[in-house]
Amino acid sequence: MAVDTQQIKGFDDLSAKLRAIAPALRKKAVRNALAAGARLVRDAARASAPVLSKPVPYRTAGLVKKSIVVRTSKVAKRAGDVGVFVNVRPAKGARFSSKTRRLLGVKVRTRTQTRVSLRGARSPVDPFYWRFLEFGTSKMRARPFLSRGASKLPAALSVFQVQLGKWFDRTNASGKVNP
């Protein structure tokens with residue numbers, strides 16, 4: 001697969017302006033601008049996502065399409081960066097709670113399940129099979145939809161730049177650093 005590269009002009013000026021702003025506001029402004037661009041990719045992926053035409057046991061029509069979302073990257077957040085990504089949101093998993101009790105003078109920690117998981121092959125609300133649709137299997141051809149959404153990345157970069165420019169204009173006009 002070929003890697004497409006993009007040239008960004010004025011990046012040094014943008015970096016200098018961003019460093020002059022408080023980190024919390026900078027992250028919020030960049031995250032909002034990134035999310036605006038990512039919504040363009042999400043919408044393109046949703047438009048090309050396959051939908052069931054006839055009922056199938058344990059599947060809900062349009063579930064994969066509805067589950068394509070823009071999410072904040074926890075990995076980037078832990079590293080102190082800002083990042084968003086577009087993917088298929090999985091169903092909610094089981095929740096567990098821990099309790100510590102004393103049995104015969106010894107502390108024992110137990111974990112109990114508080115809610116049944118919504119994940120699994122027989123769950124009508126788990127879109128785990130999106131991978132099979134996107135990449136195909138040995139018995140089914142691929143029907144890519146996320147990679148079609150990724151074709152909108154150059155347009156998403158333009159949206160990012162416009163949104164960040166609007167934020168800078170509002171900030172400069174008001175004299176306050178307010179996203």
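Since every read-out is calculated from the coordinates, none of them should be taken as a lab result. Everything numeric in this text was worked out from a predicted model, so none of it was measured. Positions of Cβ are generated from backbone atoms using ideal geometry, with glycine treated the same way; all protein chains shown enter the neighbour counts.
Going 7 Å from the Cα of A121 in the Cα-to-Cβ direction, what parts of the stretch 38-70 have a backbone nitrogen less than 14 Å from that spot?
57-59
Positive end of the dipole of the chain, charges at C-beta (+1 Lys, Arg; -1 Asp, Glu), about the Cα centre: which of A36, V56, T110 has its Cα farthest in that direction?
T110
Relative contact order of the stretch 18-100, please, whole-number percent, based on alpha carbon pairs below 8 angstrom and at least 6 residues apart.
Details: 72 pairs, mean separation 22.5, N = 83.
Dividing the mean separation by the residue count of the stretch 18-100 yields 27 percent.
Just from its helices, what would the mean residue ellipticity at 222 nm be for the chain, if runs of 4 or more DSSP H residues each count -39500 (n - 2.57) and the sum is divided by every residue, rounded to the nearest 500 deg cm²/dmol?
Mean residue ellipticity at 222 nm (helix-derived): -13000 deg cm²/dmol.
What area, in nm² and to one decimal, does the C-alpha convex hull of the stretch 24-179 cast on average over all directions? Show your work: numbers first, answer last.
Numbers: hull surface 60.7 nm².
Answer in nm², one decimal: 15.2.
Using Cα centres only, tell me the gap between the stretch 34-63 and the stretch 142-170 in whole Å.
18
Under a 5 Å amide H to amide H cut-off, with H placed in plane at 1.01 Å, what residues pair with G62 once short-range neighbours are removed?
So G62 has HN proximity to L52.
Dividing the alpha-carbon radius of gyration of the stretch 118-157 by 2.2 N^0.38 Å (N being the number of residues), what value is obtained? Don't skip to the answer; put the middle values down first.
Details: Rg = 13.4 Å, N = 40, 2.2 N^0.38 = 8.9 Å.
In units of the globular-protein estimate, the stretch 118-157 measures up at 1.50.
Take T171, T112 and order them by how many other Cβ atoms sit within 10 Å, fewest up front. Walk me through the numbers before you get to the answer.
Numbers: T171 17, T112 9.
With the fewest neighbours first, T171, T112 line up as T112, T171.
Note down the nm distance, to one decimal, between modelled labels 7 Å out along Cα→Cβ at N87 and at V56.
Going from the N87 label point to the V56 one covers 2.2 nm.
Quick one: order F96, F145 by neighbouring beta-carbon count within 10 Å, fewest to most. Mind dumping the intermediate values first?
Values: F96 10, F145 22.
Taking fewest neighbouring Cβ atoms as first place, the list is F96, F145.
Label-point separation (nm) for S73 and A16, each offset 7 Å from Cα along Cα-to-Cβ?
In this crude spin-label approximation the distance works out to 2.6 nm.
Most exposed first by the Cβ proxy, i.e. fewest other Cβ within 10 Å, how do K152, K166 rank? Could you put the intermediate results ahead of the total?
Working: K152 19, K166 13.
Starting with the residue having the fewest Cβ neighbours, the order is K166, K152.
Explain nothing, just compute: Karplus ³J(HN,Hα) = 6.51 cos²θ - 1.76 cosθ + 1.60, θ = phi - 60°, for every residue of the stretch 46-58 in order, whole Hz, x for Gly and Pro.
Per-residue couplings from phi come out as 5, 5, 9, 6, x, 10, 4, 9, 10, x, 10, x, 6 Hz.
Say a paramagnetic label sat at a point 7 Å from the Cα of D43, along Cα to Cβ; which residues of the stretch 72-86 have their backbone N under 20 Å from it?
The answer is 72, 84-86, whose backbone nitrogens lie closer than 20 Å to the label point.
Let me spell out the model: positive unit charges on the Cβ of Lys and Arg, negative unit charges on the Cβ of Asp and Glu, origin at the Cα centre of the chain. What dipole size does that give, in debye rounded to 20?
On the way: 39 positive and 8 negative charges, 265 e Å.
My answer is approximately 1280 debye.
Over the chain, what relative contact order in percent results from Cα pairs under 8 Å that are six or more residues apart? Working shown, then result.
Numbers: 231 pairs, mean separation 47.0, N = 179.
It comes to 26 percent, rounded to a whole number.
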